[in-house]
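Encoded as structure tokens, the structure appears first; notes follow it.
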Amino acid sequence: MVIKAQRGNTLRAKGWRQEAILRLLENNLENAEDQDNLVVYGALGKAARDWPAYRGIVAALLKLEVDETLIVQSGKPIGILKTHEDAPIVILANSNLVGHWSNADYWYKLYDQNLITWGGLTAGDWQYIGSQGVVQGTYEIFRIIAHKHFEDSLKGKFILTAGLGGMGGSQPLAGYMADAAILVVEANEAHIDKRIETGYLQHKAHTLSEALTLINKAIANKQAISVGLLGNAATIYQEILDQNILPDIVSDQTAAQDLLYGYIPEGYSLADVARTRQENPEKLSQDAGNSIAHEVRSELEFQKRGSIVFDNGNNIRTQAQQFGVTDAFDIPIFTEAFLRDLFVKAIGPFRWIALSGDAQDIKLIDDYLLETFADNDLITDWITKANEYVPFQGLPARIGWLGHGQRTKLALAVNDLVAAGKLTAPVAFTRDHLDAGAMAHPNIMTENLKDGSDAIADWPLINAMVMASSKADLVAIHSGGGGYAGYMQSAGVTVVADGTPEAANRLKLAFDNDTSLGLLRYADAGYDASLQEIAQKGVHRIDTHEYHD
Ligand code: NAD
């Protein structure tokens, strides 16, 4: 059976809140990299523990009353609790282990016993919208690099990167939208083909020289182009270095966090990977780690020669360091290098999904944003480009970076449009875990915070409790699985705009409180821009300095 999200206006569940969550779950699988194995993205990020668990979740959502809450533990439905109409419809926790046990070896042991599931950020809590989910983040990174290093334009500039999976598949489109010539190395041909089919990538090349011919021609003509090259990143990066070619920007978005399921070692075919994983997993991990080390050494050499190199959130530096690359952390993380100025103002990725399945609904919301936020370049530039270039995958959806007050304004306007019948069905809003108040990820989101509080995981846990207290429809607490085990903690939230006054109340409470917490988190870490935003927008902060003797 192939799972697709239900479209249209017919309810199968007992209300729109339950129906919306069910459609989001189905949408995750519709967009999944490997639906048969419930893997949505990130090598192992799953929508449910196994098929019986998936069917159990669906059955529960279908019969769930509006004053009940479904509890899901690491992708498995556990029970339905009687709560009340303002309580979440679903509460989820994925992959959380007690600190001392939170490491990859122990996690894989539990995974092999089918006791645990990794939810990634948006896989296990049913918020995935295909590669668009990170395309704006990557596009903003390129835009900021252009601003800082290339006189505001990437025309005629060469970006080298790797990985065309669920998330990495956003890179070619983001590079193209930023006017660059982007080459993405990918070891799995089917993934190159999928990005071409979904409109995220233009060309496929089988050899480096074929790829470079396309790239060089585009650079000479200052034209944007995206090329997927079938090959292994560790090998190809070395070959590019050996040919003395210097890309302007270098990164990688393979699933390097996972040595068993995520990163393909040099010299391995896909069949070799599958066989070695069964026969000799330790060898596979060693070989993957050594190849990552090789790739990161090349990245460091590119950096020395003058390329702008950054880690795009896949723990590749951590892996390389463990395999002997002592200076791996000379490569900066994208959050600190490019996006922190936005996060400290609680501006981050916010998304909305048209449960109708009708692309016109998203278009109408785009138009609203362009008119209402006309003086906000960050959003208008993005919405204009997204409208032109970003194809929908599954239920039509949009992502947009918005801050405190802006998210609520949009959500309430959309709720009104649903109520007025201008949108053909309700709209679900979800907020990415990679957001100001929702994530502790010391090698990714919270690296080098001013006050050194990088690894303190109280914030995402407080976030989830605040969301549940603020009437959100789905609240999730995630921790790292596989190679991410022990490295992070985050929280996710979904709220449904079904056009009712109750929904308006839920949207306002949840999204105002969510970004308030983001501002409070960064203010606490010593960021002046957060304090200014707090003062301007009237967020109630307690400053204990006032209470010193
Ligand atoms: P995925 O598993 O869907 O795709 C990974 C891709 O890398 C696969 O297509 C695989 O074939 C390819 N690959 C693996 N080893 C390779 C090699 N040596 N050479 C060339 N290609 C290779 O994973 P994904 O969903 O695309 O996520 C990728 C990474 O990005 C993960 O670490 C994920 O956690 C991270 N991520 C970052 C952000 C962010 O905001 N920056 C957001 C989401 C995910």
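Taking R0 as 45 Å, what's the FRET efficiency between Asn244 and Trp51 from their Cβ-Cβ distance, rounded to 0.05? All intermediate terms of the calculation are to be shown ahead of the outcome.
Numbers: r = 52 Å, r/R0 = 1.15.
The pair Asn244/Trp51 has a calculated efficiency of 0.30.
Just subtract the alpha-carbon distance of Lys222 and Ala455 from 0.36 nm times their residue separation and send over the number in nm, one decimal.
On the way: separation 233, 0.36 × 233 = 83.88 nm, distance 4.28 nm.
Taking 0.36 nm per residue and subtracting the Cα distance, the gain is 79.6 nm.
May I ask which residue of Leu214, Leu97, Gln132 lies farthest towards the positive end of the charge dipole of the chain, with charges of +1 (Lys, Arg) and -1 (Asp, Glu) on Cβ and the Cα centre as origin?
Gln132
What is the chain's relative contact order, in percent, from Cα pairs under 8 angstrom and six or more apart in sequence?
Working: 1218 pairs, mean separation 85.1, N = 549.
With pairs under 8 Å counted, the relative contact order is 15 percent.
Under a 1.4 Å probe, what is the accessible area of segment 316-461 per residue, stated in Å²? Walk me through the numbers before you get to the answer.
On the way: 4710 Å² over 146 residues.
Dividing the accessible area of segment 316-461 by its residue count gives 32 Å².
Put Met465, Met1 in order of accessible area, largest first, 1.4 Å probe: what do you get?
Numbers: Met465 120, Met1 190 Å².
Sorted by accessible area, descending: Met1, Met465.
Long-range amide H contacts for His478: which residues qualify at under 5 Å (H placed 1.01 Å from N, peptide plane, sequence gap of 5 or more or a different chain)?
Residues meeting the criterion, in which the H sits 1.01 Å from N, are Asn94, Ser490, Ala491, Gly492.
Out of the total accessible area of segment 132-332 (probe 1.4 Å, heavy atoms of protein only), what percent is carbon and sulfur? If you can, show how the numbers build up before the last one.
Working: 3550 of 7470 Å².
The computed percentage sits at 48.
Over the C-alpha atoms of segment 132-332, what are the Rg and the largest Cα-to-Cα span, Dmax, in Å?
Using the Cα atoms of segment 132-332, the pair Rg, Dmax is 15.8, 52 Å.
Net charge near Thr446: determine it from the other residues with C-beta under 13 Å of the C-beta of Thr446, scoring Lys and Arg +1 and Asp and Glu -1.
Here the charged neighbours net out to -4.
Using a cut-off of under 16 Å, list every residue of segment 483-505 whose amide N is near the label point 7 Å from the Cα of Asp86 along the Cα-to-beta-carbon line.
Hits in segment 483-505 for Asp86 at 16 Å: 501-505.
What fraction of the DSSP beta bridges in the chain is antiparallel, stated in percent and rounded to the nearest 5? Write down the numbers at each step before the final one.
Working: 33 of 62 bridges.
Beta bridges within the chain, antiparallel portion: roughly 55 percent.
Can you compute the radius of gyration and Dmax for segment 255-384, using only the Cα atoms, both in Å?
That works out to 20.8, 59 Å for Rg and Dmax.
Run through every distinct alpha carbon pair of segment 342-443 and return the Kirkwood hydrodynamic radius in angstroms, one decimal place.
Numbers: mean 1/r = 0.0709 Å⁻¹.
Kirkwood hydrodynamic radius for segment 342-443: 14.1 Å.
So, for segment 42-188, what is the accessible surface per residue at a probe of 1.4 Å, expressed in square angstrom?
Numbers: 5020 Å² over 147 residues.
Using a 1.4 Å probe on heavy atoms only, each residue of segment 42-188 averages 34 Å².
Under a Cβ-only charge scheme (Lys and Arg +1, Asp and Glu -1), can you give me the dipole magnitude of the chain about the Cα centre, in debye to the nearest 20?
Details: 46 positive and 69 negative charges, 210 e Å.
Result for the chain is approximately 1000 debye, rounded to the nearest 20.
Lys and Arg at +1, Asp and Glu at -1: add these up for the other residues within a Cβ distance under 9 Å of Gln223 and post the number.
Working: positive: Lys155, Lys217, Lys222; negative: Asp179.
Summing Lys and Arg as +1 and Asp and Glu as -1 gives +2.
Per-residue ellipticity at 222 nm for the chain, helices alone: DSSP H runs ≥ 4 residues times -39500 (n - 2.57), over residue total, nearest 500 deg cm²/dmol?
Details: 18 runs with 227 residues, N = 549.
That calculation yields -13000 deg cm²/dmol at 222 nm.
Report in % the part of the accessible area of segment 1-77 that belongs to carbon and sulfur, leaving out ligands and nucleic acids; probe 1.4 Å. Intermediate results must be reported in sequence, preceding the final value.
Values: 1470 of 2840 Å².
Accessible surface attributable to carbon and sulfur in segment 1-77 totals 52 percent.
For a distance above 13 Å, tell me the whole-number percent of Cα pairs in segment 71-133 that qualify.
On the way: 1333 of 1953 pairs.
So the portion of pairs separated by more than 13 Å is 68 percent.
Is there a quick way to get the dipole size of segment 153-282? I mean about its Cα centre, with the Cβ of Lys and Arg at +1 and of Asp and Glu at -1; what is the value in debye to the nearest 20? Mind showing how you got there, number by number?
Values: 9 positive and 15 negative charges, 113 e Å.
Dipole about the Cα centre, nearest 20: 540 debye.
At a Förster radius of 45 Å, what calculated FRET efficiency corresponds to the Cβ-Cβ distance of Thr213 and Ile462, to the nearest 0.05?
Values: r = 53 Å, r/R0 = 1.18.
Approximately 0.25, to the nearest 0.05.
With 20 Å bins from zero, work out the P(r) of the chain over every alpha carbon pair and list the percent per bin.
Whole-percent P(r) values from 0 Å outward: 23, 58, 19, 0.
Hey, can you list the DSSP H helices of the chain whose Cα span along the axis is 24 Å or longer and whose average Kyte-Doolittle score is at least -1.0?
Values: long enough: 132-149 (26 Å, -0.09); 281-305 (36 Å, -1.19); 501-524 (34 Å, -0.40).
Span-like helices here: 132-149, 501-524.
How big is segment 201-288 in terms of Cα radius of gyration and Dmax, in angstroms?
15.5, 50
Would you mind checking Lys155/Lys385; Lys157/Lys537; Lys4/Lys155 for any pair whose Cα atoms are more than 28 angstrom apart? Numbers along the way, then the final one.
Numbers: Lys155/Lys385 16 Å; Lys157/Lys537 40 Å; Lys4/Lys155 39 Å.
Table pairs above 28 Å Cα-Cα are Lys157/Lys537; Lys4/Lys155.
Could you point to the residue in Ala525, Phe392, Val296 farthest towards the positive end of the chain's charge dipole, with +1 and -1 charges on the Cβ of Lys/Arg and Asp/Glu respectively?
Phe392
The values are calculated or read from the model by the stated rules, or taken from the named source; none is laboratory data. On a predicted model such as this, the values are computed, not experimentally measured, just so you know. Glycine also receives a Cβ, built like all others from the backbone with ideal geometry; neighbour counts cover every protein chain displayed. The protein model used for the area step is the full one, side chains on, heavy atoms only, and it has no ligands, DNA or RNA in it. Shrake-Rupley method; radii C 1.70, N 1.55, O 1.52, S 1.80 Å.
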